[in-house]
Amino acid sequence: MMKFRNFVFMLYALAFLFAETVFAGDVYWNNAGGGNWNTGSNWNTGTVPQTGDDVHIVLAGTYTVTLDANVNLNSLEIGAGSGVQTLAAASRTIALTNGGAINPNGVINLTASTLSGGAFTNSGTLILKYNNTISANIDNAGTIEVHHASSYNTMTGALTT
């Protein structure tokens, strides 16, 4: 009986350790009125995206998603077929394992923030205000606006235009 109990305990322990990896997946924004990132009801899963998720802000319409927390994601995609979808971040960190994409109607507006990780494709608009740090390879076919540049902005990696 003791061996069985230890076996069950071991299974629960392993399930707990790997739960984040197992449940990471695609999470879609579902509020065409915009709103805060950290409001669970704004996402199709009913919960805020977790570490390792692939996040998609691709709902048609014109709205702004305010990033009100630092995030560590697998990937990020923004921009739908119509309207303008904006992700606004002030003094935040967006860490991506596998990069992401700003599609033609997507905008990422960073103020004193950090964007890092992987390769990023920009076919929309990336706005950099004040002291931003970009540590990613950017394949740019869209617009990159740099405001208050000089020594305030740091970009590492490759920028392809």
**Message:** Need pairs with beta-carbon distance below 6 Å; first residue farther than 15 Å from N140 by Cβ and touching a residue at least 12 places away in the same chain (Cβ under 8 Å) and within segment 106-126, second of a type in the set (D, E, K, R) and in a strand (DSSP E or B); sequence gap 6+ or separate chains.
**Reply:** T111/K129
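Being part of a loop (DSSP other than H, G, I, E, B) and either modelled with pLDDT of 90 or more or loosely packed, with under 15 Cβ neighbours inside 10 Å (or both) is the filter here, so list the residues in segment 129-156 that pass it. Let's see the steps before the verdict.
Initially, segment 129-156 is screened for residues part of a loop (DSSP other than H, G, I, E, B), giving 130-132, 141-142, 148-149, 153.
Residues satisfying the conditions are A141, G142, H148, A149.
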**Request:** Considering only segment 34-75, state which residues are under 18 Å from A89 (Cβ atoms), out of contact with any Asp or Glu (no Cβ under 8 Å at 6 or more places or on another chain) and not β-branched (V, I, T).
**Result:** G34, G35, N42, W43, P49, Y63, L67, D68, A69, N70, N72
**Asked** If you scan segment 59-91, which residues turn out to be out of contact with any Phe, Trp or Tyr (no Cβ under 7 Å at 6 or more places or on another chain) and closer than 21 Å to A24 by Cβ?
**Response** N70, V71, N72, L73, N74, S75, L76, E77, I78, L87
**Message:** Would you confirm, using the coordinates I've provided, whether T114 is of a type in the set (S, T, N, Q), modelled with pLDDT under 95 and either buried (at least 18 other Cβ atoms within 10 Å of the Cβ) or over 22 Å from S135 (Cα atoms) (or both)?
**Reply:** yes
**Request:** List every residue pair whose Cβ atoms lie under 7 Å apart, where the two residues are 6 or more positions apart in sequence or sit on different chains, the first residue falls within segment 84-98 and is over 23 Å from N137 (Cβ atoms), and the second residue, located anywhere, is among the aliphatic types (A, V, I, L, M) and modelled with pLDDT under 95.
**Result:** A90/A112; S91/A112
**Message:** Just checking, does segment 78-95 include any residue being modelled with pLDDT of 95 or more, of a type in the set (S, T, Y) and buried (at least 17 other Cβ atoms within 10 Å of the Cβ)?
**Reply:** yes
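The values are calculated or read from the model by the stated rules, or taken from the named source; none is laboratory data. Treat the numbers as computed from the prediction; the structure is a model and nothing was measured. Don't worry about glycine lacking a Cβ; one is built from the backbone with ideal geometry, like all the others, and counts go over all protein chains shown.
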